[in-house]
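Below is one structure, written out as structure tokens, with a few remarks after it.
Nothing in this text is a laboratory measurement; each read-out follows from the coordinates by a stated rule. Everything quoted here is computed from the prediction, not taken from an experiment. Here Cβ is always computed from backbone atoms with ideal geometry, including for glycine, and neighbour counts include all displayed protein chains.
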Amino acid sequence: MTGRFPVRSRILHWLTAVAIFAALLIGFTMTNEIGSHHALVAVHMTLGISILAIVIVRVANRFTHKPPNWPDTVGRLEGKLIARSEQLMYAMMLAQPLIGWAMVSASGTPIRVFGAITLPPIAPFDADLYGILRQAHSVVAYLLVAAVAAHVSAILLHTLTLRDGMLRRMTH
Ligand code: HEM
């Protein structure tokens, strides 16, 4: 029987899962011009900045609390692979909102979130820089989709095929 994550970690995990899914969905929808582009960008930026705050708390929590041990079904090589892919997901979850913030800064538009707060720019007003960051924001978005798909597939493989209770570590 495998261990479980504490309530604090489970809340942070599912909060990021739902928020990132929403940010991806709104992001791809708004750039495809379905619905009101301006309103969607406003919601997307607020959601993205909230994700940044949640992920910072989550990373701090991860650094200060050791996760429960893997079930016996996870071999040494797979364990290493999981550790690397988790680091990569944390890096992308932190990088994506920062790229978004820097990209809007470089475009010279005010970064208004929660309907009232204007954030300071974190990058200079520069059209070339905006172009690079805009592309990076797309690339990281697709990489996040791929990482989430691989993550969910691996958990389902363990839970349904190896029946080692992997999913329960994050649900109960
Ligand atoms: C984890 C957080 C985030 C995720 C997963 C995410 C995801 C996405 C996705 C999927 C797109 C569409 C990409 C494309 O179709 O090429 C997008 C576009 C965009 N994102 Fe984000 N984003 C995040 C955070 C942010 C933040 C914090 C900001 C700004 C403060 C932001 C600003 C924008 C803007 C302005 C666009 C549209 C640009 C345009 O219309 O050309 N994003 N985002």
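Evaluate the relative contact order of the chain (contact order divided by residue number), counting alpha-carbon pairs under 8 angstrom at least 6 apart; express in whole percent. List each step's numbers first, then the result.
Working: 159 pairs, mean separation 48.1, N = 172.
For the chain, the relative contact order is 28 percent.
So if each residue of separation counts as 0.36 nm, and I subtract the Cα-Cα distance between residue 150 and residue 4, what length gain in nm does that give?
Length difference between fully extended and current span is 50.4 nm.
Of the candidates 22, 60, 136, which one comes out as most mobile in a Gaussian network treatment of the chain with C-alpha springs shorter than 10 Å?
Between 22, 60, 136, it is 60 that shows the largest mean-square fluctuation.
Give me the compactness ratio for region 109-172, meaning the Cα radius of gyration over 2.2 N^0.38 Å.
Computed over Cα atoms of region 109-172, the ratio equals 1.83.
Cα atoms only, the chain: Rg and Dmax in Å?
18.0, 55
Given a 10 angstrom Cα cut-off, can you work out which residue in 55, 140, 152 is the most mobile in a GNM of the chain?
Between 55, 140, 152, it is 152 that shows the largest mean-square fluctuation.
Could you give the size of the charge dipole of region 7-171 about its Cα centre, using +1 on the Cβ of each K and R and -1 on the Cβ of each D and E, expressed in debye and rounded to the nearest 20?
Here the size comes out at about 660 debye.
For an R0 of 25 angstrom, estimate the FRET efficiency from the Cβ-Cβ distance between residue 77 and residue 160 and round to the nearest 0.05.
Using R0 = 25 Å, I get an efficiency of 0.70.
Only four residue types carry charge here, +1 at the Cβ of Lys and Arg and -1 at the Cβ of Asp and Glu. Report the dipole size of region 3-74 about the Cα centre in Debye, rounded to the nearest 20. If you can, show how the numbers build up before the last one.
On the way: 6 positive and 2 negative charges, 88 e Å.
About 420 debye.
Separation of region 104-138 and region 8-60 by C-alpha centroid, Å?
16
Springs between alpha-carbon pairs under 10 angstrom, Gaussian network model over the chain: which of 114, 125, 63 fluctuates most?
Maximum among the listed residues: 63.
Once you put a point 7 Å from the Cα of residue 170 and another 7 Å from the Cα of residue 114, both along the Cβ direction, what distance in nm separates them?
2.8
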